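Everything below concerns the one structure shown next.
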Amino acid sequence: MGIEIETKQEDIYTALDPRMKLILLILFTTATYISRSTWVLLWDYLLIIGLYLVRHLWKGAWKTGILFGSFLVLELLIGYIPHEGTKAALGLIIFFLERTSIFFVMGNWMATKLRISDFVAALQNMHFPKGVIITLAVVFRYLPTVSDEFRSIKNTMKLRGIGLNFKNIILHPIQTGEYAIVPLIIRSMKIADELAASAMTRGLDLETKRTSYRKIRLRVKDFMAAGIVIIAVAGGFVVDTILRKGGV
Amino acid sequence: MIRMEDVSFRYSNSKGDALKHINLHIHQGEFVVLLGSSGCGKTTITRLINRLVPEFFEGELEGNVYIDGRDTSDMDIQDLTGIVGSVFQDPRSQFFATDTTAEIAFSCENVGLSREELCRRMEMAVNDLQIRRLLERSIFELSSGEKQSIAIASVYALSPKILVLDEPSANLDSAATQHLMEILDSLKKQGYTIVISEHRVHYLRDIADRVILIENGKIKKEISGKDFRNLSNEEANAMGLRSINLLSVLPQGSCCHTGEKQIELKDISYYYGKSNGPLRNITFSAGKGDIVGIIGSNGVGKSTLLEIICGLKKEISGSFLMSGKPVNQKIRNRDTFFVMQDSDYQLFTESVEKELYLGNIENDFLREKGMSLLNRMGLSDYLQRHPASLSGGQKQRLCIAVACMKNTDMICFDEPTSGLDYTSMKNVSSLLYELSQDGKTLFVTSHDYEFLMSTCTHICYLHAGKVEDYFEVSRKTAPKIYQILFQKEEKR
């Protein structure tokens, strides 16, 4: 008897090839920087939430929705600021926040339930350099644990009277940020070190060609799914440009 | 199988030698246990076998190490991949995949086994270690014991000749430790050469062929398996080892009741979503100077209970009283402290001194208090050191000092003795005793029978989200505690 393991229900939604996921991540991160239009941004936001929903990641979709929603509301409010200089400065900040956050949101979307070994195998098939593959693998392996680590840090900050709350963030923004980030970096360094040691003893560094337990192959389905999203993003861009020209 | 000839090693960033003139010969099929206090060099010996020393952890190495008849001096770590399998202390940071199946296959994939061979190996590992139920699961939802089983399976699939384990039980509860013993026993019977470095020795009592005691980087003593089994707890403790025969460990019986109720929990309930570790109708009270040991299987909600006590999580219903008055979350945040298992999350500044005054307004009174606390914790020589550069035990003591700076009446400890040797465990125990003498109420989650016996005045047993039992620790109740801790997983 072989050991063909039955595909679980959720796998249907995670089945998009990791390479395609990476392409979508790059697509969304760059697309929103190309256009300055808020309408295009809104369209991309909706698409990203859609990507979460398609994979049944309800919680992720909800959080992403709230994040994006608050950005848009902020942008709207900034529009009412009478002082031109302040308006421009804040507008610029929100412009970058709105767009850089997409990188993290999509990174999270990709990292959720990502099978690292499939990812490594896929990148190997594409003849990526080994150093790049290992780095990417460590990053995506570590991402899902960050929120757990951060929760412990937040808890201690609360007990030590330096809590990550509105008052402290406004009054001592730099210090509070430092307190939150320093332990996280120290932990990350430690974990990365241990992870690397473990991976070395298990031969991740070997020159032999890696085999794969799961069959990794790009299917028509993968191209179609990615294609639809790419067309949707490009479509939003084109429609916006046409409307803009026609309107003026 | 393993031969070390006059091996000395010094880590490149440290002054002293980690190992001095080690001569060691381990035969094929032998089960060798390395014992000794923290920092004695036993981990370094395990690293010599898998060649992490000196390839990954660099330093000066003298002498020769032979593995499977070959001189390792011109070998890389990966050359040993198929020969030596390594299992580490913390299952969280040794996994590379995020799902169990891929994790087990990982080493075999790296070596480049053909797909048919890979499937055969997987099948063998899954059957022999009886872990079929763990396949296709996310790594993050496994218990520590299950994670350690997967780590072993992943090494086992590659069928190495030698198995090296570095404190594999440090994060396991008693039942999982027992299970680990069964796995190791079956591997031994299959003819594996096994080298294991450990603090908790009771579970290895029956399967060790040879015990090597290491002190300050030297082999101090070799004990045969037979003599080891006959060692009394007193003899073991005198050598700085944990007790071998747990059943004969008795409570210290140093009760100091004032009868004054410090905290009361009434009908506290907490749940998150539908099933995630819910607590129902938790009711108990603890007096000044009580040290309450909270026990129960992994995932029953022990840490959640501590977080509720500290006000980090809000109870859904029920009331929480301190000195007879109901208190809300904010006051609990202010008046309690939580010493986590991993102190790295808890230290924020760049020096020990600054750490003490963080969140407090510095004044003469506090400075005096801080200095006397540091003296008591044995940290007064480290005033300007960066907290991250301290040892694990020192970081933990710094956290306790921080807790005392806050004027807390209540301190919670999450697994304070995981991975501690006998002396350090005793130190923590007496430190907790001193705190209780100051009239503080302490809550401790632990799986460590020996520590619970020497420290706690009361036991709170959580089972299926409820307080199943709450009783005083005494000679009479000791067997009951043992039974709760070591009951089989199926029964829970």
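Let me have the relative contact order for region A:116-213, percent, based on Cα pairs under 8 Å that are six or more residues apart.
The normalised contact order for region A:116-213 reaches 27 percent.
Quick one: which residues, 5 or more positions from B:I294 or on another chain, have an amide H under 5 Å from its amide H? H modelled 1.01 Å from N in the peptide plane, none for Pro or chain starts.
B:V444, B:T445, B:S446, B:C460
How big is region A:45-117 by the Kirkwood estimate over distinct Cα pairs, in Å?
Hydrodynamic radius (Kirkwood, Cα pairs) of region A:45-117 is 13.6 Å.
Mind giving me the nanometre distance, one decimal, between the label points for B:S323 and B:S8, set 7 Å out from Cα along Cα→Cβ?
Here the answer is 6.0 nm between the modelled labels.
Mind listing P(r) for the protein assembly as shown? All alpha-carbon pairs, 20 Å bins, whole percents.
15, 45, 34, 6, 0
How high is the relative contact order of chain B, given as a whole-number percent (alpha carbon pairs under 8 Å, six or more residues apart)?
Rounded, it is 16 percent for chain B.
Roughly what % of DSSP beta bridges within chain B run antiparallel, to the nearest 5?
Of all bridge pairs located within chain B, approximately 55 percent are antiparallel.
Could you work out how far the C-alpha centroid of region A:159-218 sits from that of region B:152-225, in angstrom?
A separation of 30 Å, based on Cα centres.
Given A:K63/A:K190; A:K190/B:K218; B:K266/B:K476; A:K130/A:K215; B:K330/B:K440, which pairs have Cα atoms separated by over 25 Å?
A:K63/A:K190; A:K190/B:K218; B:K266/B:K476
Just how large is the dipole of region A:116-213 about the Cα centre, in debye to the nearest 20, putting +1 at every Lys and Arg Cβ and -1 at every Asp and Glu Cβ?
Charge dipole of region A:116-213: 300 debye, to the nearest 20.
For region A:116-213, what size does the Cα cloud have along each of its three principal axes, sorted from largest down, in whole Å?
Answer, in whole Å and largest first: 55, 25, 21 Å.
Can you run phi through the Karplus equation (6.51, -1.76, 1.60; θ = phi - 60°) for region B:416-432 and list ³J(HN,Hα) in whole Hz, with x for Gly and Pro?
With the stated coefficients, region B:416-432 comes to x, 10, 5, x, 9, 7, 4, 5, 5, 4, 4, 4, 4, 4, 6, 5, 5 Hz.
Tally Lys and Arg at +1 and Asp and Glu at -1 over the other residues with C-beta under 12 Å from the C-beta of A:M200: what net charge comes out?
Charge balance near A:M200 sits at -3.
Can you find, among A:S212, A:V120, A:V182, the residue farthest towards the positive end of the dipole of region A:116-213? Put +1 on the C-beta of Lys and Arg, -1 on that of Asp and Glu.
A:V182
Step through the table entries B:K42/B:K288; B:K288/B:K313; A:K59/B:K147; A:K167/B:K406, compare each Cα-Cα distance with 31 Å, and write down the pairs that go over it.
The pairs that break the limit, which is 31 Å between Cα atoms, are B:K42/B:K288.
May I ask for the equivalent-ellipsoid semi-axes of chain B, computed as the square root of five times each C-alpha gyration tensor eigenvalue and listed largest first in whole Å?
For chain B, the ellipsoid semi-axes come out as 40, 27, 22 Å.
Let me spell out the model: positive unit charges on the Cβ of Lys and Arg, negative unit charges on the Cβ of Asp and Glu, origin at the Cα centre of chain B. What dipole size does that give, in debye rounded to 20?
My answer is approximately 1380 debye.
Given A:N108, B:N245, B:F96, which one lies farthest toward the positive end of the charge dipole of the protein assembly as shown, if we put +1 on the Cβ of every Lys and Arg and -1 on the Cβ of every Asp and Glu?
A:N108
Excluding residues on the same chain fewer than 8 positions from A:K209, give the aspartates and glutamates whose Cα lies under 13 Å from its Cα.
B:E109
Please return the longest range in chain A lying between exposed loop sites, taking GluC sites (Glu not before Pro), DSSP loop only, at most 13 other beta-carbon atoms within 10 Å, and leaving the sites out.
Longest stretch, sites excluded: A:11-206.
Could you state the number of Å between the C-alpha centres of region B:16-86 and region B:451-474?
Computed from Cα coordinates, the inter-centre distance equals 41 Å.
Defining a contact as two alpha carbons under 8 Å apart and six or more residues distant in sequence, what relative contact order in percent does chain A show?
29
Starting at the first residue of region B:384-390, write each ³J(HN,Hα) from the Karplus equation 6.51 cos²θ - 1.76 cosθ + 1.60 with θ = phi - 60°, in whole Hz, x for Gly and Pro.
For region B:384-390, the Karplus-derived couplings read 9, 6, 6, x, 5, 8, 7 Hz, x marking Gly and Pro.
What are the residues whose amide H is under 5 Å from the amide H of B:K220, where those residues sit 5 or more places off or on another chain and H is modelled from the backbone?
HN-HN under 5 Å from B:K220: B:L213, B:I214, B:E215.
In whole Hz and in residue order, list the ³J(HN,Hα) couplings for region B:354-366 that follow from phi through the Karplus curve 6.51 cos²θ - 1.76 cosθ + 1.60, θ = phi - 60°; x for Gly and Pro.
Each residue of region B:354-366 in turn: 5, 4, 5, 8, 4, x, 10, 8, 5, 8, 4, 4, 5 Hz.
Taking the Cα centre of region B:347-492 as origin, work out the dipole magnitude from +1 charges on Lys and Arg Cβ and -1 charges on Asp and Glu Cβ, in debye rounded to 20.
Roughly 320 debye, rounded to the nearest 20.
Antiparallel versus total DSSP beta bridges in the protein assembly as shown: what percent is that, nearest 5?
55
Under a straight-distance cross-link criterion of Cα-Cα below 12 Å, which aspartates and glutamates are reachable from B:K15, leaving out those fewer than 8 residues away in the same chain?
Within the straight-line limit of under 12 Å, B:K15 reaches these aspartates and glutamates: B:E60.
From the helices alone, meaning DSSP H stretches of at least four residues, give me the mean residue ellipticity at 222 nm for chain B, per-run term -39500 (n - 2.57), in deg cm²/dmol to the nearest 500.
Calculated at 222 nm, the ellipticity per residue is -9500 deg cm²/dmol.
Name the residue from B:G311, B:L52, B:I152 whose Cα lies farthest towards the positive end of the charge dipole of the protein assembly as shown, charges +1 on Cβ of Lys and Arg and -1 on Cβ of Asp and Glu.
The residue sitting farthest along the positive end of the dipole is B:G311.
Given 37 °C and 0.692 mPa s, compute D for chain A with the Stokes-Einstein relation, Rh being the Kirkwood radius over Cα pairs; round to the nearest whole µm²/s.
The calculation lands on 155 µm²/s.
Computed from the coordinates by the stated procedures, all read-outs in this text should not be read as laboratory data. Everything numeric here is computed off the predicted structure, so don't read it as measured data. When we count neighbours, we look across all protein chains shown, and the Cβ atoms used for this are built from the backbone with ideal geometry, even at glycine.
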